[in-house]
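Read the structure below first, then the notes.
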Amino acid sequence: MRFYYLLCMLLIGFAKVAMAQKQIESTPLYNLNNQSQYIQDAYKFKATVLWFYSPDCPLCQQYTLVFKQLQKKFGKEVQWYAISTGKTGSKAVKNFIKTYQLNMTYLTDKQLQLVQLLKARITPEVFVLNSNYKLIYSGRIDNWAYAPGKTRPLTSIHDLEMQLKKLMLNQNMPYTSKTAIGCFIE
């Protein structure tokens with residue numbers, strides 16, 4: 001009896017994930033011109049990274065260097081989205097873009113629809129999709145931050161980079177997640 005219960009719970013979990021994946025590409029987000037835009041063309045890339053960030057978050061600002069390094073390393077194999085949440089103003093986003101000069105598509109999730117769909121809770125937090133929009137990773141970028149306001153002198157586990165490397169090697173990857181540390185999305 002317990003086996004069947006666990007099997008049913010597992011199947012329900014897979015069904016929820018499959019539904020969420022299909023909804024990702026139909027969730028409206030907004031560009032800097034306040035026009036609706038969607039996460040698109042995942043099939044053209046080995047990976048799509050959705051980075052939930054806040055322009056005013058010091059931790060998000062510090063992670064821009066990591067993203068620059070990852071973009072250089074993975075080149076055009078990965079598409080990058082930086083997604084601000086809620087009431088983030090376009091002025092704050094434009095200042096962030098000008099200051100940190102990341103090569104990403106910047107969007108805002110005004111109604112927190114993608115936040116709710118993916119169950120994003122923290123900035124910074126990343127979600128990695130494969131070319132079929134299948135969610136393969138969510139959570140922290142690495143283990144540099146280990147508690148709110150606390151960081152290690154050296155990063156020893158590079159979660160996002162490891163997931164991207166696996167995707168570049170076309171490895172079959174089950175969904176994994178690591179708890180993100182940062183500010184709660186409101």
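Only the coordinates and a few stated rules stand behind these numbers; no lab work does. Just so it is clear, the structure is predicted and the values come from calculations on it, not from any experiment. In this analysis, Cβ positions are derived from the backbone assuming ideal geometry, glycine residues included, and neighbour counts consider all displayed protein chains.
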Any idea how far apart Q101 and D56 come out in nm if each label point goes 7 Å out from Cα toward Cβ? 2.7 nm
I'd like to verify something in the chain: which complete DSSP H helices, judged by Cα projection on the helix axis, reach 20 Å or more and average at least -1.0 on the Kyte-Doolittle scale? 2-24
Sort F127, F74 so that the residue with the fewest other Cβ atoms within 10 Å of its own Cβ comes first and the one with the most comes last. F74, F127
Starting from a Cα-only point model with no solvent, please compute log10 I(q)/I(0) by Debye for the chain at q = 0.14, 0.20 1/Å. -0.77, -1.55
Which semi-axes, in whole Å and largest first, does the equivalent ellipsoid of region 106-155 have when worked out from the alpha carbon gyration tensor as the square roots of 5 times its eigenvalues? 24, 15, 9
Counting only DSSP beta bridges with both partners in region 2-184, the antiparallel fraction in percent, to the nearest 5, comes to 55 percent
Among T48, T99, T108: highest mean-square fluctuation, GNM of the chain, C-alpha pairs under 10 Å: T99
With a ≥ b ≥ c taken as the square roots of the eigenvalues of the C-alpha gyration tensor of region 56-157, please select rounded if a/c is under 1.5 and otherwise prolate if a/b is larger than b/c or oblate if it is not? rounded
For a footprinting-style exposure proxy, rank K87, K178 by other Cβ within 10 Å, fewest first. K87, K178
If you place +1 on the Cβ of every Lys and Arg and -1 on the Cβ of every Asp and Glu, how big does the dipole about the Cα centre of the chain come out, in debye to the nearest 20? 180 debye
Mean Cβ neighbour count within 10 Å, used as a protection proxy, ranking 146-153, 61-68 highest first: 61-68, 146-153
Taking the beta-carbon count within 10 Å as an exposure proxy, list Y81, Y53, Y137 from fewest neighbours to most. Y81, Y137, Y53
